[in-house]
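First comes the structure, then the notes that go with it.
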Amino acid sequence: MNWDYSPKTQDLLARMQAFFDEHIYPNEGRYQAEMAAFRAAGNAWQTPTLIEELKPKARAAGLWNMFLPHAYKGNGGISNLDYAPLCELMGRVVWSGEIFNCSAPDTGNMETISKYGTDAQKKQWLEPLLAGEIRSAFLMTEPAVASSDATNIQCSIKREGDEYVINGRKWFSSGAGSPHCKIFIVMGKTDPEAPRHSQQSMILVPRDTKGVTVLRHQTIFGYDDAPHGHMEILLENVRVPAANILLGEGRGFEIAQGRLGPGRIHHCMRSVGAAERALEMMCDRLLARTAFGKKLSEQGVWRERIGESRCMIDQARLLTLNASRMMDLAGNKAAQTEIAMIKVVAPNVSTKIIDWAIQAHGGAGLTQDFWLAEAYAHQRTLRFADGPDEVHRNAIAKIELGKRGMKNV
């Protein structure tokens with residue numbers, strides 16, 4: 001199979017690499033300094049001026065809204081396979097996606113509204129999101145139930161006349177910490193008596209609606225992930241117009257499948273990018289340090305780990321590109337095995353290689369003096385995001401058992 005990137009992707013990738021070299025890598029220290037100053041002042045939930053300075057530069061360079069598979073008023077129009085290597089590059093610097101208006105959960109939310117929203121919903125929310133004027137959050141997971149089985153979700157969405165009334169508690173609501181977050185997509189139950197996968201719906205809830213309370217920000221291995229954040233949110237008698245429902249009652253799982261497939265490609269290619277950078281840092285450190293009379297790079301255990309890292313990264317990349325190609329050619333449903341495989345493989349690969357890179361850096365690898373500890377926190381989180389490893393392995397197993405004739409798997 002020919003994995004040469006298309007001319008369109010090669011052009012975008014070259015321009016994005018140049019942008020990273022000129023604007024992103026040299027400013028990693030500045031980003032951290034701005035965030036440190038916000039924290040010292042007692043409010044980390046602010047957008048660094050660096051981000052706002054670089055957004056217009058990215059837009060002028062034609063590096064804007066590249067994720068959107070179906071063009072909308074001049075935005076997007078790129079295949080999953082074309083977008084995948086761009087995601088890999090963005091995975092090397094956690095905060096870079098926002099500069100190109102290509103960061104989660106906004107990408108998934110914009111794609112959801114683009115694909116399933118009404119013209120009025122698109123005008124009110126999609127267009128300002130595509131313009132980078134506002135941000136968004138996705139509220140699905142709940143603390144009171146095992147949300148790896150989304151049918152457990154208990155947040156209620158009840159129709160009362162021309163409104164829906166929403167009650168529930170959500171957490172790990174990514175993006176809700178941003179000061180520019182203006183809209184939530186909320187998943188909840190509209191009909192608990194309907195068939196299992198027809199009980200849930202998704203609805204648009206403006207961030208400033210009465211009854212919405214952000215209870216706290218949650219930390220991941222001590223990182224608050226500000227200004228993006230992962231928030232616990234209480235929804236108490238939140239009323240929104242009935243017109244805010246997405247696609248219709250009982251269509252929540254249908255929307256989720258349409259939303260999560262491309263998102264998993266994005267996550268996995270970012271994981272590949274993080275692993276690639278970790279390998280580079282590992283090699284640089286091993287070449288620079290001497291222990292027990294010789295360079296660390298000359299010691300057998302480290303050569304074994306470097307070799308294994310290269311094998312693992314290339315395996316994860318090829319699996320993800322293959323899943324991207326399958327989605328483009330046959331759709332998300334036909335590619336469900338490939339999507340599940342990469343969602344297991346890529347975060348596990350990146351977590352392992354980053355762990356080795358931390359080990360190569362010694363105690364320094366555990367500190368915030370290097371990128372590795374933060375990268376580990378992000379990549380370990382991805383073994384839960386968009387479904388835990390166990391759910392994806394189970395899905396793969398059911399498909400394999402079905403091939404051998406096992407029924408009702």
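The values are calculated or read from the model by the stated rules, or taken from the named source; none is laboratory data. Values in this document were obtained by computation on a predicted structure and should not be read as measured data. Cβ: placed from backbone, ideal geometry, glycine included. Neighbour counts: every protein chain shown.
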Picked from the range 11-31 (must be free of Cβ contacts under 8 Å to residues at least 40 places away in the same chain and out of contact with any helix residue (DSSP H, G or I) (no Cβ under 8 Å at 6 or more places or on another chain)), the residue farthest from His217 (Cα to Cα) is Asp11
Condition set polar (S, T, N, Q) and touching a residue at least 60 places away in the same chain (Cβ under 8 Å), scope the range 46-70, selection surrounded by the fewest Cβ atoms within 10 Å (Cβ to Cβ): answer is Gln46
Checklist line | Thr351 vs. criteria in the same structural domain as Ala395 (by TED's automatic domain parsing), closer than 20 Å to Pro69 by Cα and either part of a helix (DSSP H, G or I) or in contact with an Asp or Glu (Cβ under 9 Å, 6 or more places away or on another chain) (or both) | finding: no
Q: State whether the residues of the range 373-380 include one that is more than 30 Å from Asp284 (Cα to Cα) and under 23 Å from the mean Cα position of the chain (by Cα).
A: no
Quick count over the range 219-258, residues being buried (at least 17 other Cβ atoms within 10 Å of the Cβ) and in contact with a strand residue (DSSP E or B) (Cβ under 9 Å, 6 or more places away or on another chain), is 23
Turns out the strands (runs of 3 or more DSSP E) fully within the range 141-200 with at least 1 residues that are among the charged types (D, E, K, R), crowded, with 17+ Cβ neighbours inside 10 Å and touching a residue at least 60 places away in the same chain (Cβ under 8 Å) are 163-174
How many residues of the range 85-119 are assigned to a helix (DSSP H, G or I) and either closer than 13 Å to Met269 by Cα or small (Gly, Ala, Ser) (or both)? The answer is 10
task = For the range 270-279, indicate whether the set of residues that are within 25 Å of Ser178 (Cα to Cα), of a type in the set (Asp, Glu) and either outside the structural domain of Met327 (by TED's automatic domain parsing) or under 19 Å from the mean Cα position of the chain (by Cα) (or both) is non-empty.
result = no
Those residues of the range 329-350 which are of a type outside the set (Lys, Arg) and under 12 Å from Ala316 (Cα atoms) amount to Glu338, Ile339, Met341, Ile342, Val344, Val345, Ala346, Pro347, Asn348, Val349, Ser350
Filter the range 33-67 for residues that are in a loop (DSSP other than H, G, I, E, B) and of a type in the set (Phe, Trp, Tyr); the one that is farthest from Ser103 (Cα to Cα) is Trp45
- prompt: Taking the condition surrounded by fewer than 21 Cβ atoms within 10 Å (Cβ to Cβ), over 21 Å from Gly229 (Cα atoms) and within 19 Å of the chain's Cα centre (by Cα), does Lys115 pass?
  reply: yes
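Matching residues to (1) surrounded by fewer than 19 Cβ atoms within 10 Å (Cβ to Cβ); (2) over 16 Å from His267 (Cα atoms):
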residue: Thr320; (1), (2): no, no
residue: Ile358; (1), (2): no, yes
residue: His361; (1), (2): no, yes
residue: Leu366; (1), (2): yes, yes
residue: Leu372; (1), (2): no, yes
If we keep only residues of the range 380-409 that are basic (Lys, Arg) and part of a loop (DSSP other than H, G, I, E, B), then the residue nearest to Ala146 (Cα to Cα) is Arg383
